[in-house]
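Structure first, then comments.
Readers should treat all values here as calculations from the given coordinates under stated rules, not as data from a laboratory. Predicted, not measured: the structure shown is a model, and the values here were computed from it. As a convention, Cβ positions derive from the backbone with ideal geometry for all residues, glycine included, and neighbour counts pool all protein chains shown.
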Amino acid sequence: MDARAELETSASVDAVFAQLERLDNYPKWLDIVSRAQPAAGDADDPGDAWMVDLRAQLGPLRRSKRLRIVRSELDPPHRVRFVRRELEDRNNSLWSLTVEVRPADSQAEDGSIVTVHMHYGGALWIPMLDRILADEIRNSKPRLAALVESNPDT
């Protein structure tokens, strides 16, 4: 399952990236991430770790899942990637979130374009998960824009 979305905002690349480089900020704008708290690191982690609660609902069906996510790539202020990395020995399904930020193509002094790519490689844990995620990413665009535009110095 793959979901992609793109957003253009008047906020600078640096301001946008400051909001997106840490998962703690995601519950502020992405409803499917109901909670993201820093987690203890492991010697094999490529970056910071978080415990993340994902939540999805389709009509009366609700599902939630807690994942340990690490930042696997950090290239400020242009790219950040988060991947699932549980500490137990089980073979877990891949979950990744890649965010890329680039300057807007417009003539404006500031402005940026954000591309979000969410991937889930396991069996669907709720019917129509791909549709739910695509809708959620699309619906989150105004919330993300409001967040980064109201915090330009963050």
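Odds and ends about this structure:
- Sum of side-chain charges, A104 neighbourhood, beta-carbon under 9 Å (Lys, Arg +1; Asp, Glu -1): -2
- Efficiency of FRET from Cβ geometry, N151 and D53, R₀ 22 Å, rounded to 0.05: 0.40
- Using a Förster distance of 22 Å, the FRET efficiency for D135-S10 (Cβ separation, nearest 0.05): 0.35
- Over the chain, DSSP H runs of length four or greater, each weighted -39,500 (n - 2.57), average out per residue to a 222 nm ellipticity of -6500 deg cm²/dmol.
- Stokes-Einstein translational diffusion, the chain - Kirkwood Rh over all Cα pairs, 1.002 mPa s, 20 °C, in µm²/s: 134
- Annotation: peptides 135-147, 52-64, 13-25, ranked by per-residue average of other Cβ atoms within 10 Å with the highest first, follow the order 13-25, 135-147, 52-64.
- Exposure proxy for S10, S112: other Cβ atoms within 10 Å of each Cβ, ordered fewest to most, give S10, S112.
- When you restrict to C-alpha pairs under 8 Å that are six or more residues apart and normalise by the size of the chain, the relative contact order lands at 33 percent.
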